[in-house]
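*Asks:* There's a structure below that I have some questions on.
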Amino acid sequence: MAEPNYAGNIIVNLASLPDFLRKPILKKRLNEFFSLSDEERIEIINNALQAGPTIPFPNFSKLFKTWLESLASMSEEQRDILFSAYVNEIIKSPQKLIVFNLDGILEIFLSLRQDEKNIISKTIQNIFSRLEPQQKNKMRIIIPDSAKASLGI
């Protein structure tokens, strides 16, 4: 029997909270992520990838934007750790990303302030540049062209 998706349940609940509650809780959870073991981080990421598509998009968009804004305020090292972990899990199982509304996610990214977009794009470009050729090809196939252009990858 599968383990309960506690992290996924938290993500679903977090998505429905108002901004003044969602922002500090999400920021705290993001900071806790870096104190976890690699195994725990992978579990959290897989739970998030599983839960994301189940959240109604209006709620998901608020949560995702808050997540991106929080990441933009973190150190490059922290962003690299988090995004690298997501990229690695997506490369292992591309179907985890395909079920998301990728055009909607791009619109959320594009709604960020320019400095936040630049910070996040730079991190993703750095991660992408370190991927093996086969990994890059896999990511290029699943990422829409509009997102690749917006991120500069």
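*Asks:* Do we have ALA147 as touching a Lys or Arg at 6+ places or on another chain (Cβ under 8 Å), closer than 24 Å to ILE42 by Cβ and either exposed (fewer than 13 other Cβ atoms within 10 Å of the Cβ) or not β-branched (Val, Ile, Thr) (or both) here? Before you say what the answer is, go through the steps one by one.
*Replies:* Values: touching a Lys or Arg at 6+ places or on another chain (Cβ under 8 Å): no; closer than 24 Å to ILE42 by Cβ: yes; either exposed (fewer than 13 other Cβ atoms within 10 Å of the Cβ) or not β-branched (Val, Ile, Thr) (or both): yes.
The answer is no for ALA147.
*Asks:* Of everything in region 1-46 that's polar (S, T, N, Q) and at pLDDT below 90, which residue is surrounded by the most Cβ atoms within 10 Å (Cβ to Cβ)?
*Replies:* Among those residues, the one meeting the criterion is ASN5.
*Asks:* Every residue in region 57-85 that is closer than 15 Å to LEU14 by Cα and touching a residue at least 12 places away in the same chain (Cβ under 8 Å), please. I'd like the intermediate steps shown before the answer.
*Replies:* Taking region 57-85 as the starting set, the residues that turn out to be closer than 15 Å to LEU14 by Cα are 57-68, 70.
The answer is PHE57, ASN59, PHE60, SER61, LYS62, LEU63, PHE64, LYS65, THR66, TRP67, LEU68, SER70.
*Asks:* Counting just the residues of region 127-144 that are of a type in the set (Lys, Arg) and surrounded by 15 or more Cβ atoms within 10 Å (Cβ to Cβ), which one comes out farthest from ASN101 (Cα to Cα)?
*Replies:* Here the residue is LYS136.
*Asks:* In region 64-74, how many residues are outside any helix (DSSP H, G or I) and of a type in the set (A, V, I, L, M, F, W, C)?
*Replies:* Applying the first criterion (outside any helix (DSSP H, G or I)) to region 64-74 yields 73-74.
Cutting the leftovers down to of a type in the set (A, V, I, L, M, F, W, C) gives us 74.
Within region 64-74, residues that are outside any helix (DSSP H, G or I) and of a type in the set (A, V, I, L, M, F, W, C) number 1.
*Asks:* Among the helices (runs of 4 or more DSSP H) confined wholly to region 75-153, which include 3 or more residues that are among the hydrophobic types (A, V, I, L, M, F, W, C)?
*Replies:* The qualifying helices (runs of 4 or more DSSP H) are 76-92, 102-110, 114-130, 133-142, 145-151.
*Asks:* I've got another one for you. On the given criteria, is SER129 over 22 Å from PHE57 (Cβ atoms), of a type outside the set (D, E, K, R) and under 14 Å from the mean Cα position of the chain (by Cα)? Quick ask: steps written out before the conclusion?
*Replies:* On the way: over 22 Å from PHE57 (Cβ atoms): yes; of a type outside the set (D, E, K, R): yes; under 14 Å from the mean Cα position of the chain (by Cα): no.
Answer is no for this residue.
The values are calculated or read from the model by the stated rules, or taken from the named source; none is laboratory data. Please read these numbers as outputs of a predicted model, since none were measured by experiment. Cβ coordinates were reconstructed from backbone atoms using ideal geometry, including for glycine residues, and neighbour counts include every protein chain displayed.
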